[in-house]
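Here is the structure we will look at, set down as structure tokens.
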Amino acid sequence: MLRRRGTREPSAEGTAAPRTSAADLLVQAFLALFGRRFRTLLTMVGISVGLAAALATLGITASAAGAVSDQFDSLKATRVTVKYPSEPVAGIRPRPDGGDTQQVRGLNGVRTAGLVSKAGEQPLVSRLSSGTSNDLPEGTVLAAQPDALLAMSAELTQGRWFDTGHDARRERVALIDTAAASRLTVDGGAGNSVIHVNGVAFSVLGVFRAPSGDTNLTGSVVVPYWAALQDPAGLSFAPAEMIIRTDLGAADQIGAEAPFALAPGAPDKLVALVPPDPRSLRRGVESQTRALFLGLAAVSLGVGALGVSNTAYVSVLERRSEIGLRRALGASRRAVAGQFCIESGLVGLAGGVVGTVLGIQITAVTCLAKNWLVVLDPALTSAGPLVGLVVGLAAGLYPALAAARILPAETLRAGV
């Protein structure tokens, strides 16, 4: 017989089932979870770990990307390199004289600039004039103007720099990197040591420390720029490069203007290399790391959701007699399903709160250990408990429906 819309579901005894309030369901769900405290705790841990991993991933990747942007080496961010062609073209020589430097120094935003050229062949560097073995097999020889070393941010540790006077007088002097000095056992005092490059003697004026990551200067011997023009040691120097140190934020502008200043008639024959935009670098780091770790966090959160669903379903099976008895006493399907949904939601909510706190702590500890600025989106941290609640409700939906389908007669026949 059809029931009219709005009537209550009949109980097992034919009377109308009493309505169960939301407060009653909440109390019953809380008591059920409290009665299984250890299982509830283990289930909550699954949600907490997944959510903590997701929040820590977002926080750490955002903080790391910010650190990459903030710590983007100012030496690299203000260095512009202009490469000369390998063959003479349109009046541009591969190794120009020192006059080109003055044209660049006049540009607004240029701090210093200088020409540098690298030996094209592996030099034979030795302490002995008759030496046949290379005491610096991994090193190289650079011919550079004094300001080029400053533009490359070399740091003098012993002795003195050579200057424009040494270059103008064609003096055979040299500067060596700390790594090369260690290999050659050279004293950094001015003029106290002599090295031989392809049999040609150079007096060591000083020792410098190359900037971190500069492979050209590390382990190198630097001679005045005149050596690249006259090549007394037969080193076959490569085409020169103009190293320009700019003010912060002026690198792009100088990179566009320098070719015109050096070769007004053929600026396209020169290649200007400018540092990458730190903002693009930040976005790249953030997107790549976030995509990787968010996938792992999603897997962790999915495992936690499966744990909630599995625990809730096992609870349904264990409590069949209880459910059947409640159904026999008049509890509606909606009330039974609602209680199990509330139980799963409470577990998810508690796991979301704990996971949010844990994720914030992991992010903070990691950033403090790395001396990064902690970057956390308030919207994400606020949404953490809500995400846990949604995951818990979604995971408990099927067990709740399974509990609602249990018939009183079946459980009673089973021996309740």
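The values are calculated or read from the model by the stated rules, or taken from the named source; none is laboratory data. These numbers were taken from a predicted model, which means no experiment stands behind them. Glycine gets a Cβ as well: all are built from the backbone with ideal geometry, and neighbour counts include every protein chain shown. These area figures cover heavy atoms from the full protein model, side chains too; ligands, DNA and RNA do not enter into them. Shrake-Rupley method; radii C 1.70, N 1.55, O 1.52, S 1.80 Å.
Residue by residue, here is whether (1) in contact (Cβ under 8 Å) with a residue 60 or more places away in the chain; (2) more than 20 Å from Ala32 (Cβ to Cβ) holds:
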site: Tyr313; (1), (2): yes, no
site: Leu346; (1), (2): yes, no
site: Val353; (1), (2): no, no
site: Trp372; (1), (2): yes, yes
site: Gly392; (1), (2): yes, no
From the list Gly98, Gly50, Gly91, Gly46, which one is modelled with pLDDT of 75 or more and under 30 Å from Thr218 (Cα atoms)? Gly98
Within the stretch 72-88, restricting to residues that are part of a helix (DSSP H, G or I) and not aliphatic (A, V, I, L, M), the one that is modelled with the highest pLDDT is Lys76
Would you point out which residue out of Val194, Val186, Val221 is of a type outside the set (Lys, Arg) and at pLDDT 90 or above? Val221
Of the residues in the stretch 109-130, those that are in a loop (DSSP other than H, G, I, E, B), of a type outside the set (Asp, Glu) and open to solvent by 20 Å² or more (accessible area, probe 1.4 Å) number 7
Give the stretch 366-399 a look and list any residue that's loosely packed, with under 13 Cβ neighbours inside 10 Å and in a helix (DSSP H, G or I), or say none. Leu368, Ala369, Pro378, Ala379, Ser382
Which of (1) touching a residue at least 24 places away in the same chain (Cβ under 8 Å); (2) closer than 22 Å to Asp100 by Cβ; (3) of a type in the set (Asp, Glu) does Asp268 not meet, given it meets every other one? (1)
